[in-house]
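These notes are about the structure you will find just below.
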Amino acid sequence: MSNSTLDNALKGEPPPAWTRRPNAKDDLRAKARDLRARGLHYEEIVAVLGVAKSSVSLWVRDLPTPERLSYAECRERAAEGVRRYWAAKRQVNEARRAAARAAAAAEIGDLTDREILIAGATAYWCEGSKNKPDRRADRVIFTNSDPALIRLFLRFLQTTGTPLTDANFRVCIHETADVEAAQRFWLEVTGASPSQFRTPTLKRHNPRTVRKNVGEDYHGCLRVDVRRSSSLYRKIEGWSAAITGER
C-alpha cells in the first residue's frame, strides 16, 4: 500500500496517543483549562501561570466563556490576586534580605578585642549617659530596648575587664505591660543574678497616646548601671574621641 493511499484512508482519524510527543507546556495547558473551567478570565490565568495571553487563548478557546462577574466578585478576585502576588513577592524579598545580611556578616567575621572596644565605645557614645557641661558624673549608664545591643555592651564590659557583678540592672517599662515577664526576659538576656535587678521603673499610662510597642514582644528598656565606673567612663571618652577624630 502506498503512502498516498494510506493518507487518504486515515484522513480525519486522530493520531494514536502513543504517537504524541510530550510537550513541555502540557502541564501549564492542563492548569489553564482547569482555571478557565472554574470561571477565570484570560488575564487572571496569565497572572496565575505566568504565561503569554496568546498561549492561554490557544489552549482554552474551545471552552465556553464564563459568565460575567459582578462588581463585588471582580473586586474580590482582584484583591485575591494582589494577595497572592505579595505573598510570593515577600518571600523573594526576604530571601534577598537574608542573603544580603549573611554576606555582610561574613565580611565582618569574628571580632578582635580591639574591635569590640571600638564597637562598644561607639554604641555607648550613641546610647549611653554622658557628662553635661555643667555637671560631671563620670558614671557608665547604658539604656536600650534592643537585646542585641545590651549583649554587645555586656561583652564590651567584659573586654574592658569589668566583671558582670559590677553591673546593676533596672527594667523601665509601661505600667500596662507584663512587668514580671519583662523582668524574666532581661534576666535571660543578661545572664545576671536576680539580686542585681532593682525595682522596675514604671511609666504611667496615657490613654490618649497610641502606642505601637505593645504585645508579647514588648519588654521595655533595660538600664545598666556600672558601679565604680569613673575610670571606665574616662576611657570611653578617650576611645570615642579617637574614633570620631576629636582627640
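The values are calculated or read from the model by the stated rules, or taken from the named source; none is laboratory data. Computed from a prediction, not measured in an experiment: that's the story for all the values here. Note: ideal-geometry Cβ built from the backbone for every residue, glycine included; neighbour counts use all protein chains shown.
The residue pairs whose first member lies in region 183-206 and is in contact (Cβ under 8 Å) with a residue 40 or more places away in the chain and within 24 Å of residue 162 (Cα to Cα), whose second member is among the hydrophobic types (A, V, I, L, M, F, W, C) and not in a strand (DSSP E or B), and whose beta carbons are closer than 8 Å, counting only pairs six or more residues apart or on different chains, are 189/150; 190/150; 190/154; 190/164.
To keep it simple, each residue is scored yes or no on (1) of a type in the set (Phe, Trp, Tyr); (2) surrounded by fewer than 15 Cβ atoms within 10 Å (Cβ to Cβ).
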site: 169; (1), (2): yes, no
site: 173; (1), (2): no, no
site: 184; (1), (2): no, yes
site: 202; (1), (2): no, no
site: 205; (1), (2): no, yes
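Residue 131 satisfies every condition listed in (1) over 18 Å from residue 241 (Cα atoms); (2) exposed (fewer than 15 other Cβ atoms within 10 Å of the Cβ) except (1). If we scan region 98-115, do we find a residue that is under 30 Å from residue 244 (Cα atoms) and touching a helix residue (DSSP H, G or I) at 6+ places or on another chain (Cβ under 6 Å)? Yes, there is a match, as at least one residue in region 98-115 is under 30 Å from residue 244 (Cα atoms) and touching a helix residue (DSSP H, G or I) at 6+ places or on another chain (Cβ under 6 Å).
Kindly provide the set of residues from region 149-164 that are surrounded by fewer than 18 Cβ atoms within 10 Å (Cβ to Cβ) and part of a loop (DSSP other than H, G, I, E, B), ordered by number. Within region 149-164, 161, 163 qualify. Pairs meeting the criteria (first residue in region 54-67 and in contact (Cβ under 8 Å) with a residue 12 or more places away in the chain, second residue of a type in the set (Phe, Trp, Tyr) and surrounded by 12 or more Cβ atoms within 10 Å (Cβ to Cβ), beta carbons under 9 Å, at least 6 apart or on different chains) are 56/42; 57/42; 60/42. With respect to residue 143, is the statement that it is of a type in the set (Ser, Thr, Tyr) and more than 22 Å from residue 168 (Cβ to Cβ) true? Criteria not met by residue 143.
Taking the numbered list (1) modelled with pLDDT of 90 or more; (2) over 18 Å from residue 151 (Cβ atoms) in turn, residue 81 passes all entries but (1). Restricting attention to region 115-148 and to residues that are at pLDDT below 95, charged (D, E, K, R) and outside any loop (DSSP other than H, G, I, E, B), the residue that is nearest to residue 224 (Cα to Cα) turns out to be 127.
Residue-wise test of (1) in the same structural domain as residue 168 (by TED's automatic domain parsing); (2) touching a Lys or Arg at 6+ places or on another chain (Cβ under 9 Å).
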{"position": "43", "(1), (2)": "no, yes"}
{"position": "72", "(1), (2)": "no, no"}
{"position": "79", "(1), (2)": "no, no"}
{"position": "100", "(1), (2)": "no, no"}
{"position": "126", "(1), (2)": "yes, no"}
